[in-house]
Amino acid sequence: MKKIVLVAAGLMCGSAAFCQQTVSGKIKGGNGKTIYLYNDKSNTPEDSVALKADESFSMPVKGKEKAIYALILQDNDQPMLFTSGKENVVVNAEAATFPVAQSFKGDEDAKAMQAYQQAFQPLIGQAQQLNVEARGIRGDDEAAKEAFRKKAEAFGAEVTKTGVAFVEKHPHNLASVWLMLNELRNRVDPQQMEQLFTSLDKPVQQSQYGEAIGKYLHAARLSGIGVEADDFTQNDVNGKPVSLKSFRGKYVLVDFWASWCGPCRAENPNVVAAYNKYKDKNFTILGVSLDKDKNPWTHAIEKDGLAWTQVSDLKGWENSVAVQYGIQSIPANMLVGPDGKIVARNLRGDALEAKLEELLNK
């Protein structure tokens with residue numbers, strides 16, 4: 001009778017969406033540190049546990065649908081990502097090289113997520129180095145700014161190349177849609193994004209992350225080249241409401257940036273140069289800041305010499321205009337024509353200068 005009950009329980013577990021899943025393993029060199037478990041919908045840990053004397057840990061994963069989870073080791077801000085599912089996840093890693101695992105067991109989605117991290121780990125190191133370099137560039141060092149801009153462009157191209165290759169190789173896995181949301185959404189044009197998305201398996205497209213990409217692509221179709229830009233209104237630095245439509249009749253570059261964004265600050269000299277060259281030729285700029293605090297925002301405006309209108313709702317990444325236009329990384333921009341239609345997107349450096357020269361020096 002007990003065997004029959006156990007078999008029945010096994011069948012029920014196999015037919016349900018998920019059984020009780022655990023994530024466990026060992027972190028060599030962890031020295032009793034705490035390891036935290038996060039889900040993708042919260043900034044607070046779902047669970048945490050101190051590493052045992054043998055450097056092992058185990059925690060339940062409580063999600064009821066396929067989702068992305070992260071393990072974060074104390075004093076290390078890089079997450080080890082995995083997906084919830086029917087199979088338990090077992091990781092063995094070293095604290096010095098966390099979040100890349102030396103061995104990793106789980107279902108195919110969880111393994112693909114680890115493969116994604118391994119592919120991007122060198123790029124994460126490069127990004128950290130670039131952010132440090134950007135903070136060290138003096139405001140009057142034009143040669144250093146130009147050199148950094150070229151490095152940043154090369155880095156962005158490498159991120160795109162690595163990400164696209166991964167998605168093409170993993171059309172069956174959630175890791176691909178997660179990568180598209182977090183790495184590629186603001187780096188490839190909507191047409192390429194749509195091509196990548198349609199190449200994914202239907203279950204991946206229909207996942208919660210696939211639905212998010214679907215919404216982004218819908219918004220992109222509404223704000224694509226040649227489409228009239230959706231209007232918005234936000235307050236300027238003096239609390240006065242400013243709308244996009246108030247610039248109708250001019251070319252206006254809607255520039256998404258923030259005081260804390262190193263690449264944005266490094267790009268600002270190019271934007272200032274474009275503004276100074278074309279401001280008397282029916283061109284202006286409307287800055288949209290993703291800052292949360294007013295003082296750093298206004299200080300950066302003054303320090304970088306941004307003489308054009310600036311607006312923000314001081315909600316960071318939740319800035320209503322950024323959400324409206326699906327902005328996931330900055331710097332980002334769109335050039336809107338006198339008729340209110342979008343002419344171009346994400347113009348930087350020489351590309352911005354070339355486009356303005358084409359339009360305004362006819």
Please state which of the following conditions Gly249 fails to meet, knowing it meets all the rest: (1) in contact with a strand residue (DSSP E or B) (Cβ under 9 Å, 6 or more places away or on another chain); (2) farther than 24 Å from Glu153 by Cα; (3) assigned by TED's automatic domain parsing to the domain that holds Trp317; (4) touching a residue at least 40 places away in the same chain (Cβ under 8 Å).
-> (1)
Mind checking which pairs have a first residue in the range 157-184 that is more than 18 Å from Ala220 (Cβ to Cβ) and a second that is acidic (Asp, Glu) and not in a helix (DSSP H, G or I), Cβ under 9 Å, 6 or more apart or different chains?
-> Pro171/Asp201; His172/Asp201; Asn173/Asp201; Trp178/Asp40
Look through the range 157-179, keep the residues that are among the polar types (S, T, N, Q) and under 24 Å from Gly106 (Cα atoms), and return whichever of them is surrounded by the fewest Cβ atoms within 10 Å (Cβ to Cβ).
-> Thr162
State all residues of the range 120-156 that are touching a residue at least 24 places away in the same chain (Cβ under 8 Å), not hydrophobic (A, V, I, L, M, F, W, C) and not in a helix (DSSP H, G or I); if no residue qualifies, say none.
-> Gly139
By my count, helices (runs of 4 or more DSSP H) wholly in the range 289-362 with at least 3 residues that are surrounded by fewer than 17 Cβ atoms within 10 Å (Cβ to Cβ) and free of Cβ contacts under 8 Å to residues at least 60 places away in the same chain are 294-304, 350-360
Name every residue in the range 265-284 that is more than 26 Å from the chain's Cα centre (by Cα) and touching a residue at least 40 places away in the same chain (Cβ under 8 Å), in order of residue number.
-> Ala273, Ala274, Lys277, Tyr278, Lys281, Asn282, Phe283
Among the candidates Gly287, Gly249, Gly262, single out the residue that is within 22 Å of the chain's Cα centre (by Cα) and at pLDDT 95 or above.
-> Gly287
Count of residues meeting criterion [part of a loop (DSSP other than H, G, I, E, B) and out of contact with any Asp or Glu (no Cβ under 7 Å at 6 or more places or on another chain)] in the range 222-259 = 15
Scanning the range 63-90 for residues that are in contact with a helix residue (DSSP H, G or I) (Cβ under 8 Å, 6 or more places away or on another chain), assigned to a strand (DSSP E or B) and either among the acidic types (Asp, Glu) or within 16 Å of Gly25 (Cα to Cα) (or both) gives Leu73, Met80, Leu81, Phe82, Thr83, Val89
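Taking Asn270, is it in a helix (DSSP H, G or I) and out of contact with any Pro (no Cβ under 8 Å at 6 or more places or on another chain)?
Answer is yes for this residue.
Just name the residue that is farthest from Ala175 (Cα to Cα) out of those in the range 105-145 that are among the charged types (D, E, K, R) and touching a Phe, Trp or Tyr at 6+ places or on another chain (Cβ under 9 Å). Please lay out each step first, then the result.
Taking the range 105-145 and keeping what is among the charged types (D, E, K, R), we get 105, 107-109, 111, 133, 135, 138, 140-142, 145.
Next, from what is left, pick out any that are touching a Phe, Trp or Tyr at 6+ places or on another chain (Cβ under 9 Å): 109, 111, 133.
Working: Asp109: 7, Lys111: 9, Glu133: 30 Å.
Top of the filtered list is Glu133.
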Filter the range 50-81 down to residues that are within 25 Å of Gln118 (Cβ to Cβ) and either in contact with a strand residue (DSSP E or B) (Cβ under 8 Å, 6 or more places away or on another chain) or of a type outside the set (Asp, Glu) (or both), then give me how many there are.
-> 22
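The values are calculated or read from the model by the stated rules, or taken from the named source; none is laboratory data. Note that the structure is a prediction, hence the values are computed from the model and not measured. With ideal geometry, Cβ positions are generated from the backbone for all residues, glycine too; neighbour counts draw on all protein chains shown.
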